[in-house]
Amino acid sequence: MVSVDEVIPLIESYRPLNPLGEVEVSLKEAIGRVLSRNIFSPSNYPPYTRATVDGYAVISEDLAGVYEDRPKTLKLVGKVATGETKLLRLERGQCVEVSTGAVVPYPADAVVLIEHTHARNGEVEFYRSVARGENIDIAGSDIAEGEVVAWKGTIVTPLLVSVLAAVGIDKVWVYRPVRLGIIPTGNELKTPGEKLEYGQIYDSNSTMIYAYAKSIGAEPKIYPRVHDVVEEIEEALHKALNENDIVATIGGTSAGLEDKTYRVLSRLEPGIILHGVREKPGRPLAVAVHGDKIVFALPGFPLSCLLTVNLYLLPVILKLQGTPKSEVPTIKARIETPIRGEPGIRVFVPAILKHNGEMKAYPLTGHSGRVSAMSLLDGYIIVPEDTEHLPEGTEVDVLLNPFQKNYELNIIGSHDPLLQSIVANLPGYDKVRMVNVGSLSGLQALKSGVADMAGTHLLDPATGEYNLPIIRQLDIKQALVLIGYKREQGFIYRKNTELVSSFKDIVDKHLRFVNRNPGSGTRVLIDHMLEEESRQLGISPEEMKKRLTGYTFEVKTHEAVAYLISRGIVDVGIGVKYIAERYGLEFKPITSERYDIVIRREAYTNKLVSQIIEKIRNLDKATLPAGYSLDTKTGTIIEL
């Protein structure tokens, strides 16, 4: 294994990362490319002296001392409209009417706004003086012929294209784009749009890599997916090598039973130059060289793949395309929750950033197979190799996501279908980031200042009350609680399953249970019920949990519970009635819980927050989803 910092230098030691050559392209095709030559202006800009306003071209000395109470009259000797190429000549005491952008006749050195004049009978009366050079743009004053208008190594942007077109340039020399071949591998992969069986997964990595490469000016191509068969992988790889400068295979790098890619790479010349990087996620990365071609064997889990693309693949492409700076930028931020590191491993933790006086980072926990974090993350918290633990309040480096989105509102907390529907119907729904991490984690994110709103349905077993006791126990201050609505929680199971009304039923009928994640309101309810039932049965809660098949099998949303039951993977779980009905499942009510929303006081004036509050206050019980009802205090705000 090599360190993160050794990967690109090691590649360069086998294959120097110099530009691949240059091509001449039209301005339209040059966007995003890097100039391979300095560009000299073939003309002056502006190419003629022009008026910047509608008015009269004059010799400024003719109007010295002129004011409203001391007007002066000049003889009108002509008119020049924009686009006319006729050349007029002025004498002292004369003027010419000109339009904005029209040629200013020689030797006029200023233009008086038409509003400060009055024309009659071939003469113009002026009511103000004018300075030399006022309201005119002199030929060559902006760009001179022969001047460098763009330097070698500059990225061509829409603004630069405008400048180049203005001086008459229609083609430029740029470094040749990298041709990138993308090969997805794996028996489990399906192309989006195909029918998916349980145990199969859609190929999302290929599209992600394609989009990233396209955005930096490369020429990517996705090849048909190949199965975990050495001969198939080898044939696809050599075809891609013949057609591209770089090849990226996806999956098959961890040396597992079905991972054959590394075997194929070992047959190249010189072959594998690294296999394994001391980082997490992304450890299984392998890189091979074949002649002057580079092969990246990227890990298959989405977050692992995304990180290795950002850290290694994109910088290598940018170097080969002549881009001056190819490093991914980092910023400083303070973490508001502890993070564990791994000795000898550089850990990258997906994170949300929020600026509240100072930049704060909130980690998105989960493994490298998560897809949802990819569209939500602002960057990665970097935990150095020599760090086992980062305590709360530590300042850290955050590797930025180059395509991070500027959200105006962070809602972090318990997953709720009705709240999701409310947000989806806001005019500014696309400015809201919703992260489902469970009630407790949402409240902690709000306390740290990263979350603006947190949905919660935490039962306090001691009082039987929802939310407020727990919020006070967590010592959350400078916040408001919006009383939400009630929703029925119950046992969910397939219609052909015997009635389930208790955990004892699940144990006695040998049913497979699916649990919810720790910190979620539903998990609190489940554990409370288990304690109550175990007390009635005269056994310990720990014993009850052991008897319950699937207690340690956890998912994060109501939808995931219902999905696994509907597919026959498990038999029973606990969730809201609305989701049970949506999946056509049986529902046995347990309780009606209250779902509230905690609002950070500083976010209360946010327009989106106001819209959410208004929508909750205007909920109509007749149109609520199944299992939902209004509380007598719905829409009331309680100050903490």
* Determine ³J(HN,Hα), in whole Hz, for all residues of the range 230-242 in sequence, where each value follows from phi through the Karplus function 6.51 cos²θ - 1.76 cosθ + 1.60 and θ = phi - 60°; x replaces Gly and Pro. => 3, 5, 5, 4, 5, 5, 5, 5, 5, 4, 5, 5, 5
* Translational diffusion coefficient, Stokes-Einstein: compute it for the chain using the Kirkwood radius over C-alpha pairs as Rh, at 20 °C and 1.002 mPa s, and state it as an integer in µm² s⁻¹. => 71 µm²/s
* Structure fact -> 1/(1 + (r/R0)^6) with r = Cβ-Cβ of Thr497 and Tyr198, R0 = 22 Å, i.e. FRET efficiency to nearest 0.05, evaluates to 0.75
* What percentage of the solvent-accessible surface of the range 173-212, computed with a 1.4 Å probe over protein heavy atoms, is contributed by carbon and sulfur atoms? -> 55 percent
* If packing is taken as the mean number of other Cβ atoms within 10 Å per residue, what is the order of 496-505, 454-463, 532-541, highest first? -> 454-463, 496-505, 532-541
* Structure fact -> Using eta = 0.692 mPa s and T = 37 °C, Stokes-Einstein with Kirkwood Rh from Cα pairs puts D for the range 330-404, in µm² s⁻¹, at 266 µm²/s
* **Packing rank of 164-170, 94-100, where each peptide gets the mean count of other beta carbons within 10 Å, highest leading** => 94-100, 164-170
* Where the Cα pairs of the range 39-120 fall when distances are cut into 10 Å bins, in % -> 18, 50, 22, 7, 2, 0
* **Beta bridges per DSSP with both ends in the chain, % antiparallel, nearest 5** => 70 percent
* Between Val23 and Lys86, what FRET efficiency follows from the Cβ-Cβ distance if R0 is 51 Å, with the result rounded to 0.05? -> 0.75
* Asked: Accessible area per residue, 1.4 Å probe, Å², for the range 394-461: what's the number?
  -> 34 Å²
* What lysines could a cross-link reach from Lys75, if we take a straight Cα to Cα line under 30 Å and drop same-chain neighbours fewer than 8 places away? -> Lys86
* Leaving out ligands, DNA and RNA, what percent of the accessible area of the range 489-604 is carbon and sulfur, probe 1.4 Å? -> 48 percent
* Asked: Straight-line reach from Lys615: which lysines have a Cα under 16 Å away, not including same-chain ones fewer than 8 places off?
  -> Lys486, Lys607, Lys633
* Could you give the dipole magnitude of the chain about its Cα centre, charging the beta-carbon of Lys and Arg +1 and that of Asp and Glu -1, in debye to the nearest 20? -> 800 debye
* Ellipticity estimate at 222 nm from DSSP helix runs (n ≥ 4, -39,500 (n - 2.57)) divided over the chain, nearest 500 -> -6500 deg cm²/dmol
* Carbon + sulfur, % of accessible area of the range 330-404 - ligands and nucleic acids excluded, 1.4 Å -> 51 percent
* Structure fact -> Note: Glu219 to Glu392 extended length (0.36 nm per residue) minus current alpha-carbon separation gives 57.9 nm
* Among rounded, prolate and oblate, which fits the range 293-369 when a ≥ b ≥ c are the square roots of the eigenvalues of its C-alpha gyration tensor, a/c under 1.5 means rounded, and a/b larger than b/c means prolate? -> oblate
* **For the range 417-639, diffusion coefficient by Stokes-Einstein and Kirkwood Rh (Cα), 25 °C, 0.890 mPa s, µm²/s** => 135 µm²/s
* Structure fact -> Listed by chain and number, the aspartates and glutamates with an alpha carbon less than 16 angstrom from that of Lys556, same-chain partners under 8 positions apart left out, are Asp416, Asp527
* Which GluC sites (Glu not before Pro) in the range 385-479 pass both tests, a DSSP loop state and at most 14 other beta-carbon atoms within 10 Å? -> Glu388, Glu392
* To do: Would you mind giving the average projected area, over all directions, of the Cα convex hull of the range 557-612 in nm² with one decimal?
  => 5.4 nm²
* Which whole-number value in Å² is the accessible area per residue of the range 1-95, probe 1.4 Å? -> 56 Å²
* **Most to least packed among 419-432, 334-347 [average Cβ atoms within 10 Å]** => 334-347, 419-432
* Measure up Lys28/Lys152; Lys195/Lys260; Lys431/Lys477; Lys195/Lys431 against 22 Å on the Cα-Cα distance and list the ones that go over. => Lys195/Lys260; Lys431/Lys477; Lys195/Lys431
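The values are calculated or read from the model by the stated rules, or taken from the named source; none is laboratory data. Being a predicted model, the structure only gives us computed values, none of them experimental. Every residue, glycine as well, gets a Cβ built from its backbone with ideal geometry; the counts of neighbours run over all protein chains shown. Remember, those area values only see protein heavy atoms, side chains included, never the ligands or the DNA or RNA. Shrake-Rupley method; radii C 1.70, N 1.55, O 1.52, S 1.80 Å.
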